[in-house]
Amino acid sequence: MATGGGSAPRRTDKCLTCNENVTKKDPAVSCDVCLKWCHIKCCGIDVPTYETMKAMENIRWYCDSCVKKILKLISDVARVEEKQDKIDEEVGNVKELVERTRSEISQMRQETVNDLGGVKQLVEQTASGVSQLRQETEKEMESVRKLVEQSKGDILQLQKEFDMVKQSKGDMSLLRQEVDKGLEVLGKQNRDEIMKMRQEMDKSLVIVDHLKKWDINKEVAELTNAFVNDGSWAEVVRKHVTNEMKGVKGDVEEQMEIERRRKNLIVFGVPESETGNDIDTVSDIITQALKLDFSRHIESIVRIGKFSHEKARPIKMIAKTFEGKREILTRAKMLRELDDYKGIFVAPDLTRKQQEFDKDLRVNLKKIREAGEPEAVIRSGQIIKKNENGKTISVLYPKPPQQLGGK
Ligand SMILES: [Zn+2]
Ligand SMILES: [Zn+2]
């Protein structure tokens, strides 16, 4: 604050209230903010107060206008400070949020790293497992491969043995004929034992025949293919074993059937007897036509099938011995030349399979004869022709699959 007399106002200064000049002599005060002058009587200051103010140093005086402005300023500052506090608080919140977020991100990153570590470990373990599994599988494959190689050797060895067995088949057939002869000689004594022996021998012959038909090389090739290509070798082995079992079983059953019919003959074309007694008729054929002793050769006779007026039923005739049966069959060829026995013929008692085979043979014989071999004949289940010298023969139709026993 300046007062008149001390720091004298300039001539141009006017009172901010009355707008008159403020001279050096006028008692007046100046505003510490706007520096404008005011007569003391214009701004309400009495003389003693003016004197006191003049005497004090550092006393401040503000005009009304400036006081208003200052108050407003103070209020504005207070508001700004309030705002600043709020902003600081907000900034604090945001900072905290950022810190928290940063911490969370850090934690998440750590967790992710941990997870990745776990996954990586898992992948490594899996890869290691797969590798081990592959190694084990390869080992397994290798051992199976070796096994198949070894089996090949075993099968080849087996094949050699089969070949030896095949060769021995002829010997066995001869041996059986010897047994048949022995049977005739020994009569009832030891007969059952020898019969059993002969049956066993027949079964062996069937199995040998079966093995003969078994194409081992083909099966080994098939087995190897199955192993190499799709690993189905176990299934192939099972299939073959099953087939072989079936084959052997079927052949043995057929052989037993043949054995049951071994001494049987079928007589066709004998008229049905009015008295129901066929013995006299059959006895007449055996004795008069074939010149054989009926009671010594024949065990029993019986009509087979259903009676009909149109056609005579065949007669099943059981011979006492296999040799006797063969003798009857050989001599029965004469019946064709005897007028009294026209239409009567004797045949072996064949199984269904043998009948089918027999029919097939006759069909083929007809074809072969028509195709320019009129001399072809059926002998022991084959179609053959004698050569010019009459001794050597050519087989025109393959060997039968079944030619044991019976005939
Ligand atoms: Zn004034
Ligand atoms: Zn002022």
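Any read-out appearing in this document is the output of simple, stated calculations on the displayed coordinates, not a laboratory observation. Predicted model only: the values in this text are computed from it and were never measured. Here Cβ is always computed from backbone atoms with ideal geometry, including for glycine, and neighbour counts include all displayed protein chains.
The figures follow:
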item	result
Spin-label model distance (nm) - Glu111 vs Asp360, 7 Å beyond Cα toward Cβ	8.1 nm
Table column - 3J(HN,Hα) (Hz), the stretch 101-109, Karplus curve with 6.51, -1.76, 1.60, x for Gly and Pro	4, 4, 4, 5, 4, 4, 5, 4, 5
Table column - 3J(HN,Hα) (Hz), the stretch 144-149, Karplus curve with 6.51, -1.76, 1.60, x for Gly and Pro	5, 4, 4, 4, 4, 4
Sequence-distant residues sharing a close amide H with Leu292 (under 5 Å, placed H)	Thr287
Environment charge at Gln84 (Cβ cut-off 14 Å; Lys +1, Arg +1, Asp -1, Glu -1)	-4
For Ala2, residues with placed amide H under 5 Å, excluding near neighbours	Ser30
The stretch 244-328: equivalent-ellipsoid semi-axes (sqrt of 5 x gyration tensor eigenvalues, Cα, Å)	29, 19, 9
Long pairs among Lys306/Lys333; Lys246/Lys306; Lys196/Lys249; Lys311/Lys342; Lys311/Lys359; Lys311/Lys385, criterion Cα-Cα beyond 25 Å	Lys306/Lys333; Lys246/Lys306; Lys311/Lys385
Added length on full extension, which subtracts the Cα-Cα distance from 0.36 nm per residue, Asn19 to Val91	20.7 nm
FRET efficiency estimate (nearest 0.05) - Cβ-Cβ, Arg145 to Ser380, R0 60 angstrom	0.80
